[in-house]
Each structure stands twice: as structure tokens, then as C-alpha cells.
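Below is one structure, written out as C-alpha cells; comments come after it.
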Amino acid sequence: MSLGKFMKLSLNAVKSNLMSLDRPYKLTFSISYWCNSRCLTCNIWQIRPKNELTLEEIRRFAKENNYFKWIEITGGEPFMRSDIVDIVQAFKENSKDLYIVTIPTNSLTNHDMVLKKIEEMLSTGLPRLSITVSLDGNRETHDKIRGVPGNYDRCMDMWRRLGELKKRYSNLFFVFGYTISRYNQGMFEQMFNDIKKDIPDLTYNDFHINIGQISDSYYNNSNLDIKGERETIANDIKHVVDRRRFELGAIPIIETAYLKKLHSYAKTGEMPMKSRGLDASLFMDSYGNVYPSIMWDRKIGNIRDSNYGLGQMWHNSDAEEVRKLIKEGKEPASWTACEAYQTLAGNVASLL
Ligand code: SF4
């Protein structure tokens, strides 16, 4: 069953590189902008969101658009939404070929409650649930960047408890999500060695890496100075690429390819490949606004104005204009996992 869903996802990914898809297979969805962190790199925690999509509205959206194979849930802190399990369940019930759901956490919400929700999601029979534990440094650096004393220790606790859960659920996967900014550039190796004291079996494959980004439509952080030195960031990424061990499986292979391209993006600031925004994928915020990607402030519509279906919006003039810009190589340069994975997955040559 899982293999079948994985094959369907792979086929869609390959097809998306050969032709335009009639509908997307990947959804990146910010389910809420509420956040209990105080990050130096992001202003989402300062937002007091109003009128976010209700569970009923999300259920309607999931029913009207029942073709997602890959859902990347994001926030804010997604686990601050008490109905997160119902949200995942709604997509699972409607998108019959749903293969993977990914969710990040800052580890600041009550762990008993978060772990219970994760277990409930795993029990739905979802083939793959991937949890990203955000971690930007050793104890001192992480707590400084995240603005919450004790956050590092909570990340370690979350990691250990996910390890315990993994013994009972083979469909659970988890990694640390490390975001490089000017606050932690050049510090990866030190951080890795420090964390190894707390987690002796830690490996480089346990890390997913992003470069801190500026975006007004998402992070709301264009007033912040977070960017580091290109060369220093590129060296951190190369350090990880050189030390990752080979793992068989599509996701680890794509992750390695993603990191290699991230290294080139760090060095040049140029987009390594054209994205698949509004073809294979889309970003939807917690108010129902639809964008080509998490980093591109180019709204094409709102699901509340389209009876919760993407249908007509998907082919409106704004959407066509975005596709034209992507084709012409005029989209804003960014290389985030939210967008990169589907680009890489559909391009076998890029994985070699
Ligand atoms: S980076 Fe994540 S945890 Fe930090 S403020 Fe932004 S949404 Fe919250």
C-alpha cells in the first residue's frame, strides 16, 4: 500500500518535469501563525492572527482538492493548533494517495500533548510522518537565537521521546531542522560536537539544513538583518554534505541532492533550478491565500472566494503570469526545502 502511494508520488514528480500537471501533488500549508517562540530571525511570533481558516473550512478544502500526495504543514508552531490531528485526518481521508506529511516543531508546546497528537496521526496509517525538531545551535546559541531559555533542553527531550515512539511506529521519521543565519554561521561543527554529548548516536544524516530567508509574505522579517556571509554558510553546508553517509531510499537521496544545490545557492545567491510553483506545488497560508511558494509574495487568490476549490484559481490570469515568469527564469531566487524537494524529485538527472 505504502509502496503504491510512493510510486504514485514518484510518477507525478517525474511527470511534472516533462509536462505541465493539471493539478498539484504537493501542498505547503501554514495552518496557523500563532507561535510561542521569540526568534531573532523571524517575526511570525509577533503576529496576532485573526480569522484563520477553521477546521470546517480546511475540511472543505481537503474535500474539494483531494489529490495531494505530499503535505508540508508549517506555522507558526503547528502544534499550537489543538485540531492538528483532525486537519491531517481530513487530508488523509480525502487524498487517497497521500504518502507523506511533514511537520516542524519548536519543542515549546507541552510535550505530552504533542507526542499524543503525533501518535494519533501515526495511528491513522499515514505511510510516512516526518517531524522536524527545530534546532539552531548548542544550548547557548539555540536559546539565544530562539529567545526562550531552556529551549535547547526541550529539543533534546523531544528528540529522545520521538526515538522512543519510533520503536513502535515504523512510519515515524524525525530530523533536526538547522537554519543558518548570521547568528550561527560557521558554528555547525562545534554545535554537532556539543550535541553529541547529549545524543551519542547523532549523525550528520540527522540534520536538515536551511538558510535563513527574508520574506514579508511569510516570515514578516524584512526589517531584520539575519543574513550571514556566503562563504561561511557554504562551508557549513559543505561540512555536512561531505560527512553524510549514503542511505538507500528516495528521501535521503533527494536530501543529499538538495544540500548540494543549497551549497551552490549559498555561494552564488542564484536559484539552482527552476521551481515547480503553481504546477507541482503551492503554498497556502492560514487565511486561505494561495501563493506559488512560501517565499514568493505573489498571491493568486483565496480559497474562501472560490468555494474552497483551487479549480478556477489555478488557471486564472495571475497564475498563468506566475508560470510564465518561472518559465522565463524571472522568479525571485530562493532555495528552500518547501520548494526544492519537488523540483529535485521530478528531475532524476539532478539527483546524480
Ligand atoms: S522561526 Fe518558527 S519558531 Fe521561530 S518565530 Fe518563526 S515560526 Fe516561530
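The values are calculated or read from the model by the stated rules, or taken from the named source; none is laboratory data. In this text, all values refer to a predicted model and were calculated from it rather than measured experimentally. Neighbour counts run over all protein chains shown; Cβ positions are idealised from the backbone, glycine included.
Brief remarks on what is shown
- Any chance residue 123 is away from the ligand (no atom under 16 Å from the Cβ), within 23 Å of residue 218 (Cα to Cα) and not aliphatic (A, V, I, L, M): no
- Qualifying residue in region 139-155 (condition: over 30 Å from residue 189 (Cα atoms), in contact (Cβ under 8 Å) with a residue 40 or more places away in the chain and more than 16 Å from the ligand (Cβ to nearest atom)): no
- Top-ranked residue in region 40-59 [being surrounded by 15 or more Cβ atoms within 10 Å (Cβ to Cβ) and β-branched (Val, Ile, Thr); ranked as nearest to the ligand (Cβ to nearest atom)]: 44
- Candidate set from region 38-60 (those that are under 20 Å from the mean Cα position of the chain (by Cα) and in a helix (DSSP H, G or I)); member that is farthest from residue 210 (Cα to Cα): 58
- Restricting attention to region 190-209, the residues that are surrounded by fewer than 19 Cβ atoms within 10 Å (Cβ to Cβ) and within 18 Å of residue 144 (Cα to Cα) add up to 2.
- The combined condition, being over 18 Å from the mean Cα position of the chain (by Cα), surrounded by 15 or more Cβ atoms within 10 Å (Cβ to Cβ), aliphatic (A, V, I, L, M) and at pLDDT 90 or above, is not fulfilled by residue 284.
- Flag for residue 247 being surrounded by fewer than 22 Cβ atoms within 10 Å (Cβ to Cβ), closer than 24 Å to residue 7 by Cα and at pLDDT 85 or above: yes
- Some residue of region 60-74 being within 11 Å of the ligand (Cβ to nearest atom) and out of contact with any Gly (no Cβ under 6 Å at 6 or more places or on another chain): yes
- Residue count for region 281-302, restricted to those that are among the charged types (D, E, K, R) and closer than 16 Å to residue 74 by Cα: 1
- Only one of 256, 268 that is more than 21 Å from residue 186 (Cβ to Cβ), away from the ligand (no atom under 16 Å from the Cβ) and modelled with pLDDT under 90: 256
- You will find that of 133, 175, the residue that is closer than 28 Å to residue 62 by Cβ, of a type in the set (A, V, I, L, M, F, W, C) and touching a Gly at 6+ places or on another chain (Cβ under 7 Å) is 133 and no other.
- Criterion: over 30 Å from residue 83 (Cβ atoms) and in contact (Cβ under 8 Å) with a residue 60 or more places away in the chain - qualifying residue of 211, 294: 211
- Residue list for region 223-238, filter: in contact (Cβ under 8 Å) with a residue 40 or more places away in the chain, surrounded by 17 or more Cβ atoms within 10 Å (Cβ to Cβ) and part of a helix (DSSP H, G or I): 233, 235, 236, 237
- Of all the listed residues (107, 32), the sole one being crowded, with 16+ Cβ neighbours inside 10 Å, in contact (Cβ under 8 Å) with a residue 60 or more places away in the chain and within 16 Å of the ligand (Cβ to nearest atom) is 32.
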